[in-house]
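Asks: Sending over a structure as structure tokens; questions will come in a sec.
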Amino acid sequence: MNFSDLERRHMQRALELAERGQGYVEPNPMVGCVIVCQDHVVSEGWHRRYGGPHAEVDALLAASDSVNNGTMFVTLEPCCHDGKTPPCTTAIKEAGIRKVVIAEQDPYAKVSGQGIAELQSAGLEVEIGLLETEAHSVNAPYHKLLAKQQPWVIAKWAMTMDGNIATHTGSSRWISGEESRTRVHNLRGRVDAILVGRKTAAQDDPLLTARPSGPRQALRIVMDSQASLSDQSQLVRTAKQHPLMVVTVPEARQQRVAHLESMGCEIFCCSSESPVQRMDELLDELGKRSITNVLAEGGGELLGSLFDLGAIDEVHVFIAPKLVGGKNTHGAILGNGTSEMSDARGIEVLDVQFCDQDIYVSGRIGR
Ligand code: AOF
Ligand code: ZN
């Protein structure tokens, strides 16, 4: 289908509006909407929070005049089911919208194609596929959760210019500067879960909360097969205020497990043998809980398990202008890794910026 530059601009704007919902709407998709009458934008809207009005209804409610005969640009197929809110298709028809331009179809089974069909059978003109790739990318975590029933995994690390996440003695505070750490707190504030390994929990004694807090409070998760997390750790001490899950194996000392439970930790016991399989089991569990985004903060072994599983979707890397050298280097991603350079996982770089003196690179694993 051929779309004009003006139509592209309207959909681009709808996508920008959609992204305002990030951190507020999950596990729902981010959706934006622009309503145009006689080539003029008359209203805009977006899905602002989980359980709240959908983007289309938000835009219809924001219109100060009639939108009769108008064209609606929406980043996702309008829903036609009764969920937490009534169907958008009904609201669109009742408002007298004549044409709906949709970026992509909703894969959700109760909608998928049926929203489009309903609008068409009511006599509305429907066009599909304007900025479809871009719209799909905005909602990649939503798509992964629906398709694989596992969350989108964001790996984050800070390293020196010679590729180390610690010195040869294990010292790692601080690699990146304050501005980089602020960015990490922003990330923490919009994800559903934050994941670290046992060694990182022991060495860094992190709190794993967003400071200042963001739109959602993440479940903090430690891969700690033997339930060895110290009672004195910041994580355990705050378990009653901020949810903390400790991932163990059946062989962990039951007394220790019960004690952690009494301190407010949730125990998730994995039956799988290898760390990689346990990671898969954990991601399945998080998917069942409709967790959309997980931030994996290290260390190298944890990121290695995720990498070997092929579960890393997105990376946020802070490169500090420092060198530490040493024979026993600490790479960001351990595990088995890739044997041949020709098999290396490619990253589609989405952003490169200076964060004060650090270089911040983010991107997604190419599929
Ligand atoms: C739309 N516009 O802005 C969004 C849609 O439980 P509910 O009622 O909030 O419905 C959630 C489902 O609705 C979600 O799984 C997805 O299929 C669709 N989301 N649809 O028309 C929107 N957020
Ligand atoms: Zn809807």
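Asks: Consider residue 350 against the criteria (1) under 25 Å from the mean Cα position of the chain (by Cα); (2) assigned to a loop (DSSP other than H, G, I, E, B): it satisfies all of them except one. Which criterion is unmet?
Replies: Evaluating residue 350 over (1) under 25 Å from the mean Cα position of the chain (by Cα); (2) assigned to a loop (DSSP other than H, G, I, E, B) leaves (2) as the failure.
Asks: Now a separate question. Within the range 103-151, which residues are among the small types (Gly, Ala, Ser) and either surrounded by fewer than 17 Cβ atoms within 10 Å (Cβ to Cβ) or not in a helix (DSSP H, G or I) (or both)?
Replies: Within the range 103-151, 103, 109, 112, 113, 117, 121, 122, 123, 129, 137, 140, 147 meet the criteria.
Asks: Which residues, taken from the range 85-118, are of a type in the set (Val, Ile, Thr), under 15 Å from residue 135 (Cβ atoms) and near ligand 1 (Cβ under 8 Å from one of its atoms)?
Replies: The one that is of a type in the set (Val, Ile, Thr), under 15 Å from residue 135 (Cβ atoms) and near ligand 1 (Cβ under 8 Å from one of its atoms): 111.
Asks: Can you tell me which residue is farthest from the chain's Cα centre (by Cα) among those in the range 119-169 that are of a type in the set (Ser, Thr, Tyr) and away from ligand 2 (no atom under 16 Å from the Cβ)?
Replies: Only one residue tops the list, namely 121.
Asks: Could you list, ordered by first residue, the pairs with Cβ atoms under 7 Å in which the first is in the range 43-60 and in the same structural domain as residue 18 (by TED's automatic domain parsing) and under 22 Å from residue 214 (Cα atoms) and the second is within 7 Å of ligand 1 (Cβ to nearest atom) and among the hydroxyl-bearing types (Ser, Thr, Tyr), at least 6 apart or interchain?
Replies: Close Cβ pairs (under 7 Å, with a partner that is within 7 Å of ligand 1 (Cβ to nearest atom) and among the hydroxyl-bearing types (Ser, Thr, Tyr)) amount to 53/85; 54/85.
Asks: Moving to a separate point now. Count, please, the residues in the range 12-71 that happen to be charged (D, E, K, R), more than 15 Å from ligand 2 (Cβ to nearest atom) and surrounded by fewer than 23 Cβ atoms within 10 Å (Cβ to Cβ).
Replies: Number of matching residues: 7.
Matching residues to (1) surrounded by 18 or more Cβ atoms within 10 Å (Cβ to Cβ); (2) without any contact (Cβ under 8 Å) to a residue 24 or more places away in the chain; (3) not in a loop (DSSP other than H, G, I, E, B):
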position: 276; (1), (2), (3): yes, no, yes
position: 291; (1), (2), (3): yes, no, no
position: 301; (1), (2), (3): no, no, yes
position: 304; (1), (2), (3): yes, no, yes
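Asks: When you go through (1) out of contact with any Phe, Trp or Tyr (no Cβ under 6 Å at 6 or more places or on another chain); (2) surrounded by 22 or more Cβ atoms within 10 Å (Cβ to Cβ); (3) of a type in the set (Ser, Thr, Tyr); (4) assigned to a loop (DSSP other than H, G, I, E, B) one by one for residue 172, which number turns out not to apply?
Replies: All conditions pass for residue 172, except number (2).
Asks: Could you check how many residues of the range 72-91 are within 8 Å of ligand 2 (Cβ to nearest atom) and aromatic (Phe, Trp, Tyr)?
Replies: Of the residues in the range 72-91, 0 are within 8 Å of ligand 2 (Cβ to nearest atom) and aromatic (Phe, Trp, Tyr).
Asks: Give, as residue ranges, the strands (runs of 3 or more DSSP E) completely inside the range 15-77 that count at least 1 residues that are out of contact with any Ser or Thr (no Cβ under 8 Å at 6 or more places or on another chain).
Replies: So the answer is 40-46, 71-76.
Asks: Can you find even one residue in the range 73-84 that is away from ligand 1 (no atom under 12 Å from the Cβ), exposed (fewer than 15 other Cβ atoms within 10 Å of the Cβ) and basic (Lys, Arg)?
Replies: no
Asks: Does residue 122 satisfy the condition of being small (Gly, Ala, Ser), in contact with a strand residue (DSSP E or B) (Cβ under 6 Å, 6 or more places away or on another chain) and within 16 Å of ligand 1 (Cβ to nearest atom)?
Replies: So residue 122 fails the test.
Asks: Restricting to the range 188-208, what's the tally of residues that are buried (at least 22 other Cβ atoms within 10 Å of the Cβ) and not charged (D, E, K, R)?
Replies: Qualifying residue count, the range 188-208: 9.
The values are calculated or read from the model by the stated rules, or taken from the named source; none is laboratory data. As the structure is a prediction and not an experimental result, all values here were calculated from the model. Neighbour counts are summed over all protein chains in view; Cβ atoms, including those assigned to glycine, are modelled from backbone coordinates with ideal geometry.
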